[in-house]
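**Q** Structure below; questions to follow.
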There are 4 protein chains.
Amino acid sequence: MTEAGGIAAEALRSYIERIERLEEEKANLAADIKDVYSEAKATGFDVKIMRQIIRLRKMEEHDRQEMEALLDTYAHALGMIRG
Amino acid sequence: MTEAGGIAAEALRSYIERIERLEEEKANLAADIKDVYSEAKATGFDVKIMRQIIRLRKMEEHDRQEMEALLDTYAHALGMIRG
Amino acid sequence: MTEAGGIAAEALRSYIERIERLEEEKANLAADIKDVYSEAKATGFDVKIMRQIIRLRKMEEHDRQEMEALLDTYAHALGMIRG
Amino acid sequence: MTEAGGIAAEALRSYIERIERLEEEKANLAADIKDVYSEAKATGFDVKIMRQIIRLRKMEEHDRQEMEALLDTYAHALGMIRG
């Protein structure tokens, strides 16, 4: 194991390069996601609403219902008209 | 104007120190905001819902209505029941 | 205490409005910070380097020295030439 | 093409599901990256320094040298001792 300044240089390089490969794959996926949103936008869909829908779909149905009900209650208490 | 490595050291220091003071004030405000949320939470309010309400209140009424209507349309199209 | 859907509407409004005021002040400070960076940039300073300097100045001197030494060791182990 | 509230429900579902699959893959990669950092940490490497090294390795050599030199100049002008 080559040592450089008391550290295992090869081990460090291996970790760094593994992380760099994974980060590159992650960046590619982020670009793919961006492409799908652009495709959807080009066919007339609203990207902001799609993102909200995706956030909502991550929630359990009953949690989502509870959140919506509480949001209505708070909005009503503050005189805000909701959808 | 003292020069250090070809740069105006005093001017640099003044900019840096002004930014540091402003950032400190900003950090204090962030702490104050956190305190108010903690106070609200302690009296039974839901912090996540409060944050959503604050985001909604930043929107113009008609923009908000439009967003809610579109969210309903998309949710309905995907078979999601909304509040 | 007026109740709306079982919640204390006035208390909620007070918390929300306090947070909104604090967030507005915070946004103003963020704008002030941006202005100072623009001023510095206009006089020839490098904003990215200024941000790094401000991050470094937040660290204790010995922590900073330790970090720099370790950064040198890792960079050297990976064959990177540092300043 | 089934319509729901005037939008192409199937097209929307397809975009949403494609994004959800890609986001899941991306989240898995983020978890893999986190695992590699944990592995490296367990063998004694400093994760913060590794992240800095990875940021530096993304830069062109001459850009990195220029940044380091300017950082030294600014630090020196402010009386900060660098590594």
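The values are calculated or read from the model by the stated rules, or taken from the named source; none is laboratory data. Remember, it's a predicted structure, so these values are computed and weren't measured experimentally. Virtual Cβ from ideal backbone geometry, glycine too; neighbours counted across all protein chains shown.
Listed here are the residues, each with its yes/no results for (1) modelled with pLDDT under 95; (2) not polar (S, T, N, Q).
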| site | (1), (2) |
| --- | --- |
| B:T2 | yes, no |
| B:G6 | yes, yes |
| B:E24 | no, yes |
| B:A27 | no, yes |
| B:V36 | no, yes |
| B:E39 | no, yes |
| B:K48 | no, yes |
| B:K58 | no, yes |
| B:D72 | yes, yes |
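**Q** For the condition under 30 Å from B:D46 (Cβ atoms) and either out of contact with any strand residue (DSSP E or B) (no Cβ under 6 Å at 6 or more places or on another chain) or among the polar types (S, T, N, Q) (or both), what is the one hit in C:A42, C:A69, C:A75, C:A11?
**A** C:A11
**Q** Please name all residue pairs, on different chains or six or more residues apart, with Cβ atoms under 9 Å, provided the first residue is in region B:46-68 and is over 16 Å from C:E23 (Cα atoms) and the second residue is among the small types (G, A, S) and not in a loop (DSSP other than H, G, I, E, B).
**A** Correct list of pairs: B:D46/B:A40.
**Q** From the list D:R13, D:R55, D:R21, which residue is in contact with a Leu (Cβ under 8 Å, 6 or more places away or on another chain) and not hydrophobic (A, V, I, L, M, F, W, C)?
**A** D:R13
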